[in-house]
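Input: a single structure, listed below in structure tokens.
The values are calculated or read from the model by the stated rules, or taken from the named source; none is laboratory data. What you see is a predicted model; the values in this text were computed from it and never measured. Glycine gets a Cβ as well: all are built from the backbone with ideal geometry, and neighbour counts include every protein chain shown. Each accessible area value is taken on the protein alone, full model and side chains, heavy atoms only, with ligands, DNA and RNA left out. Shrake-Rupley method; radii C 1.70, N 1.55, O 1.52, S 1.80 Å.
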Amino acid sequence: GENVEQHPSTLSVQEGDSAVIKCTYSDSASNYFPWYKQELGKRPQLIIDIRSNVGEKKDQRIAVTLNKTAKHFSLHITETQPEDSAVYFCAATDSGFQKLVFGTGTRLLVSP
Amino acid sequence: DTGVSQNPRHKITKRGQNVTFRCDPISEHNRLYWYRQTLGQGPEFLTYFQNEAQLEKSRLLSDRFSAERPKGSFSTLEIQRTEQGDSAMYLCASSLREGSGGYTFGSGTRLTVV
């Protein structure tokens, strides 16, 4: 079955710096890769996603890149702000495109 | 319809008791998923429904766990004879259909087994 690995587990940056979180997946048939942000005690919320026919997608300060050959995708946050502090999860569809398999999460801390 | 609703938000139960959680998805979403999340981990798949049909159940899921979605609307997740290892956040999510996009998650039910 699909396996998603996520790195780093913790990331500390200064306000204004960029942050990059990386994920790898195992199933070459996966075709959908969302990213979720989860603040303490709250539900995971979709922040950006990318499909396998696209290499990069951007939405204001966040962007996602996908390398299908290498089976990895990354989340890029520019000009980080303290409110970006949260746990970020990547995910990928399983081989039957029936459900999402999640990474273990990255705790991002943005210091003022 | 403002999103996915889960009840209760918190549940404390004694070991060995049965518990039931409810999830009300976004009304037009025909897919409903249950995940479990423990501290410091990503959501772990439990089971999912397409309308009223339960299409997949995790092999990691004990026989003590059962889920239903009788009319293709709300769903319930029951845990029988709870154990301390069942303590976790139980998340429900819904989506419009397979391949249509990401999930919308509910706020979860936090279960504590004492």
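Overview of values
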quantity	calculated
Of all residues making up the range A:89-112, the number that are of a type in the set (G, A, S), outside any strand (DSSP E or B), open to solvent by less than 40 Å² (accessible area, probe 1.4 Å) and in contact (Cβ under 8 Å) with a residue 40 or more places away in the chain	2
Residue tally, condition outside any loop (DSSP other than H, G, I, E, B), under 22 Å from A:V101 (Cα atoms) and either out of contact with any strand residue (DSSP E or B) (no Cβ under 9 Å at 6 or more places or on another chain) or hydrophobic (A, V, I, L, M, F, W, C) (or both), over the range A:56-88	8
Where a residue in the range A:4-22 is touching a residue at least 12 places away in the same chain (Cβ under 8 Å) and closer than 15 Å to A:A86 by Cα and its partner, wherever it lies, is surrounded by 17 or more Cβ atoms within 10 Å (Cβ to Cβ) and aromatic (F, W, Y), with Cβ under 7 Å and at least six apart	A:I21/A:Y88
Output for the range B:1-18, where each listed residue is in contact (Cβ under 8 Å) with a residue 12 or more places away in the chain and farther than 14 Å from B:S75 by Cα	B:D1, B:G3, B:R9, B:H10, B:K11, B:I12, B:T13, B:K14, B:R15, B:G16, B:Q17, B:N18
Residue count for the range A:67-80, restricted to those that are surrounded by fewer than 20 Cβ atoms within 10 Å (Cβ to Cβ) and farther than 15 Å from A:E5 by Cβ	5
First in the range A:29-41 and at the interface with chain B (Cβ under 10 Å from one of its Cβ atoms), second anywhere and surrounded by 22 or more Cβ atoms within 10 Å (Cβ to Cβ) and not in a strand (DSSP E or B), Cβ under 6 Å, 6 or more apart	A:Y36/A:P44; A:Q38/A:P44
B:G102, sole failed condition from (1) out of contact with any Phe, Trp or Tyr (no Cβ under 7 Å at 6 or more places or on another chain); (2) within 11 Å of chain A (Cβ to nearest Cβ); (3) surrounded by fewer than 16 Cβ atoms within 10 Å (Cβ to Cβ)	(3)
Whichever residue in the range A:79-104 is farther than 19 Å from A:S9 by Cα and of a type in the set (S, T, Y) and, among such residues, is farthest from the other protein chains (Cβ to nearest Cβ)	A:S95
